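See below for the structure under consideration.
The values are calculated or read from the model by the stated rules, or taken from the named source; none is laboratory data. What you see is a predicted model, and the numbers here were worked out from it, not measured in a lab. Positions of Cβ are generated from backbone atoms using ideal geometry, with glycine treated the same way; all protein chains shown enter the neighbour counts. For accessibility, only protein heavy atoms count, side chains too; no ligands or nucleic acids. Shrake-Rupley method; radii C 1.70, N 1.55, O 1.52, S 1.80 Å.
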Amino acid sequence: MLIHKIEDVREQVKAWKKAGLKIGLVPTMGALHAGHKSLIDKSVEKCDKTVVSVFVNPIQFCAGEDLDKYPRTLDEDVKLCENVDIVFAPTPNEMYGEGHILSNDFLTYVVPPYFYTDKLCGKSRVGHFDGVCTVVNKLFNIVQPDFAFFGEKDFQQLVIIKKMVKDLNIPVEIVPCPIVREDSGLALSSRNKYLTDEQKDLALVLSKILFNIKSCYDRGIVDVKALSETAFEYLTPKHSLEYLEFRDSENLEEKTVADDDTRVFIALKIGNVRLIDNISLGT
Ligand code: PAF
């Protein structure tokens, strides 16, 4: 069932809650792919009812980012959601009010701690995670899910949302879901749609760098500087590296010596397309 209005979701959720049913939420910005499908299937398996939200959230895009050209494919998204109970696709006006004035002065924001947002993607995307936490909080209030499913592809987002849920005592269990990759190793992402065939080949370096670091670590190399240096053999002038960082999986603290709790994070640009990926060094 495709629903556009908050009020209609609330009405349905009320009936489900009354019947004692467990609700799963899969928040998305649409342009759904097999990665999203794996979250949806997990929710359907674990919960009595599943809601997928499809909303390109304007307040998590920074100036100069791809808000206007972000892929919007609602008809196809709905088809992929054949096994879900509600696809919730509100307009920006529905979510933020008529004329939605989105500056910090006119909207109550949920602002996660600077310690978690001043690094990795947050460094170049200032305010991005405020927008993410604000919309996810709104979705939690609208859908009141028992479980919410997030992909590990956006690992910093996952850590920040877990922190928000803990700090604000939100009664929802966050379920992390593993990254889904093409056979080539490329992590699935809605932004892969922007890549030409040549750029898609170039994009393979993200997973190649990460897999190689993991295999060096498995062979006993733990010095982060030495592990980082292995990346350079893969990078070409067509890759603009934003970061390659080794951080703790729980609290994103920087590591100088890698261990099983370490996650390696990479972001780079190919042309105008910014891609991210990550891998755990533990098993
Ligand atoms: O990961 C995403 O697609 C978005 O950041 C989310 C969680 C749906 C919030 O808009």
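Specify the residue with the greatest mean-square fluctuation among D130, D75, D260, computed from a Gaussian network of the chain linking alpha-carbon atoms under 10 Å apart.
In this elastic network of the chain, the residue with the biggest mean-square fluctuation among D130, D75, D260 is D75.
Multiplying the sequence separation of E45 and N251 by 0.36 nm and subtracting their Cα-Cα distance, what value in nm do you get?
In short, 71.2 nm is gained.
Highest mean first, how do 27-37, 84-94 rank when packing is the count of other Cβ atoms within 10 Å averaged over residues?
27-37, 84-94
With bins 5 Å wide starting at 0, give me the P(r) of the chain over every alpha carbon pair, in whole percents.
Once binned at 5 Å, the Cα pair distances of the chain give 1, 5, 12, 15, 18, 17, 13, 9, 5, 2, 1, 0.
Quick check: residue separation of T236 and Q199 times 0.36 nm, minus the Cα distance between them. What number comes out in nm?
The T236-Q199 span can extend by a further 12.1 nm.
Taking only protein heavy atoms into account and a 1.4 Å probe, give the accessible area per residue of the chain in Å².
Normalised by residue count, the accessible surface of the chain is 49 Å².
Using the Cα gyration tensor of segment 137-212, with a ≥ b ≥ c the square roots of its eigenvalues, what is the shape: rounded (a/c below 1.5), prolate (a/b larger than b/c) or oblate (neither)?
prolate
HN-Hα J couplings of segment 230-247 from phi, Karplus 6.51/-1.76/1.60, θ = phi - 60°, integer Hz, Gly and Pro as x?
3J(HN,Hα) across segment 230-247, in whole Hz: 5, 5, 5, 5, 9, 7, 10, x, 7, 9, 10, 6, 8, 7, 9, 9, 10, 9.
Tabulate in residue order the Karplus-calculated ³J(HN,Hα) for segment 119-126, using 6.51 cos²θ - 1.76 cosθ + 1.60 with θ = phi - 60°, rounded to whole Hz; enter x for Gly and Pro.
10, 6, 5, x, 5, 8, 10, 5
Only four residue types carry charge here, +1 at the Cβ of Lys and Arg and -1 at the Cβ of Asp and Glu. Report the dipole size of segment 83-159 about the Cα centre in Debye, rounded to the nearest 20.
Dipole about the Cα centre, nearest 20: 300 debye.
Which percent of the accessible heavy-atom area of the chain goes to carbon and sulfur, probe 1.4 angstrom?
50
For the chain, what is the mean residue ellipticity at 222 nm derived from helices alone (per DSSP H run of n ≥ 4: -39500 (n - 2.57); sum divided by total residues; nearest 500 deg cm²/dmol)?
-10500 deg cm²/dmol
Report, for the chain, the % of DSSP beta bridges that are antiparallel, rounded to 5.
Beta bridges within the chain, antiparallel portion: roughly 55 percent.
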